[in-house]
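The values are calculated or read from the model by the stated rules, or taken from the named source; none is laboratory data. Predicted model only: the values in this text are computed from it and were never measured. Reconstructed Cβ throughout: ideal geometry from the backbone, glycine too, with neighbour counts over all protein chains shown.
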Amino acid sequence: MKRLVALLLALAVADALLTLYAIARGPFPLQVPVGPPTAYLSIYIHVPIAWASYILFTASLVSAILLLSRGRMDLDRYVYSFALVGLVFAGLTLLTGSIWAKDSWGSYWNWDPRQTGVLLLFIAYAAYIALRHSISDPERAVRVSASYSIAAYVMVPLSFIAVRIAESLHPTPEDTRVFFSRPEVLQIFGVKALLVPAIGFLASIALARARGGRSLGGLPPAAYLAPLAVAAIGVAGAAQILVDYTSPTFVVVNATLVGGRIAELTLSDGSRMSFNPPMDPPLEPPVTSEGRPSIVSHIVSLDGGLEIVVSWTVAANTLIYSLGVALLLAGILRRVRG
Amino acid sequence: MGFRAPLMVLLFVALMAGVGYAAIYSSNYDDVSKLRGVEARIRAIVRGDTIDMGVGKLILEVDGKTFRLEARGLYGLAYQPGSDKPTAVFLLRGNDGFEVLAIYNKDDFVEKYGTNPVVDPEVVVDGVYDPASKAIIKTPGGEIVGEYNVVFIDRILKGCHRAYSEEPGKIRDA
């Protein structure tokens, strides 16, 4: 159990550091439907959390089927723990997705089919938790809630295929395959896509074991610093972005490049900024595959030179995710301490 | 395990699947053709195929107001007299061929999408459809190109350039 918790805490800190790197140096699509392209850095936060919730609900489903088919009542704590941690991740998926949608779709909530599907998924598992606690007969509570959790799982595949059931603002897997298969994207996203579900999985196992009466009876003081470290790394990442908003920012409306270097920018306030001699763009590559200047639609700051300002929604999502994981870890530590 | 428990599970599953599917399916965006025959002003989120308007200078009249229209293929930029802030115009066609003129209702189009947005062949817009409003597109010589019903767009939800097919970029190291 001690090794399990130590691994969980180490992975959570590693994930927080990788998130920090992803929002600062991660690749993003150069041309996007609405808003600044840097808003798409939320890919490294929102998508792995969503996948983690699906995986955790699947683990809860498998535990529930085993419980009912083999009469293994001891598996109840796994059904519950996977569902509870999955619910936390589903909640984070909804929050981070809605914040990203504000920038990239124009508003927080759009009743997009997958948004609706994940909301229903969240409600279905929240109802499971409520049901699990509302039946006084312990054996009946286990059986009824496990049965219900199998039904609740239906929302996992439904929310996943929602983009095929109805016209959706979410991309289909075919739309994103090219982007995610790029080596520079895969290096970060691939690791995140393994780390985040692993954190959820280990947190669920630790919680299930604690519910089974196993406790550590004390942890080294450094262990209690891990949630604080995760939160602090998230706050630092968000602050690094938000500090750029303390000086005036503009959206680049148009750009003139000479030899791949910026000669003139038209900004959202209508002003034009000329650079003589032309300067290197703060982005790479400087032009898209269609030959458009890649700096167009970006938020920039001209305070002390031309700098790309990352969308505030990425800062908000970094903060929400890191605080969510930190609170989850603190809750787990509290349970396993006994 | 008796037969009651699996039956209960199956019932729960069927109920959840039905409710879930219905809720997701009802989130579908309507086609522009659904606006055909609508007689009252309504709020609508609709999808439509963008029609190529060609490239050149045209005149747009909406409820008596005249705009200078710069046709740019799948979209146009409409300028009110005395204003240098254009608003965007799309010609949207539904599955049954019904066409509407969709006018972006704000002057921040260029600020949001740049001066040369790449418009997809399909656009989803959120706005107000008012069957009483009519738009006429004319050539500079006054010849009528087409007459349309109008959707006044508040939000363009999808369609003003592609994201994930594009080569990824990143912020250059300082």
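Brief remarks on what is shown
- Residues within the range B:28-43 that are of a type in the set (Gly, Ala, Ser) and at pLDDT 90 or above, tallied: 2
- Applying the condition of being in a helix (DSSP H, G or I) and of a type in the set (Val, Ile, Thr) to the range A:284-338 and asking which residue is nearest to A:Leu219 (Cα to Cα) yields A:Val336.
- Screening the range A:110-125 for residues that are more than 9 Å from chain B (Cβ to nearest Cβ) and in contact with a helix residue (DSSP H, G or I) (Cβ under 6 Å, 6 or more places away or on another chain) and picking the one that is surrounded by the fewest Cβ atoms within 10 Å (Cβ to Cβ) gives A:Phe122.
- For the residues A:Glu174, A:Glu184, the requirement of being acidic (Asp, Glu), at pLDDT below 90 and assigned by TED's automatic domain parsing to the domain that holds A:Tyr125 singles out A:Glu174.
- Test: residue in the range B:104-118 that is at pLDDT 80 or above, crowded, with 16+ Cβ neighbours inside 10 Å and not aromatic (Phe, Trp, Tyr): no
- The range A:122-150: number of residues that are in contact (Cβ under 8 Å) with a residue 12 or more places away in the chain and closer than 20 Å to B:Leu10 by Cβ: 14
- Test: B:Leu74 is aliphatic (A, V, I, L, M), in a loop (DSSP other than H, G, I, E, B) and over 16 Å from B:Leu35 (Cβ atoms): yes
- Any hit, the range A:248-259, residues being under 21 Å from A:Val296 (Cβ atoms), part of a loop (DSSP other than H, G, I, E, B) and touching a residue at least 24 places away in the same chain (Cβ under 8 Å): yes
- Unique match (being over 26 Å from the mean Cα position of the chain (by Cα), of a type in the set (Gly, Ala, Ser) and closer than 23 Å to A:Ile99 by Cβ) among A:Ser297, A:Ser301, A:Ser271, A:Ser289: A:Ser301
- Take the conditions (1) crowded, with 16+ Cβ neighbours inside 10 Å; (2) of a type in the set (A, V, I, L, M); (3) not assigned by TED's automatic domain parsing to the domain that holds A:Ser322; A:Val258 misses just one of them, which is (1).
- Residue check for B:Gly146: at pLDDT 90 or above and surrounded by 19 or more Cβ atoms within 10 Å (Cβ to Cβ): no
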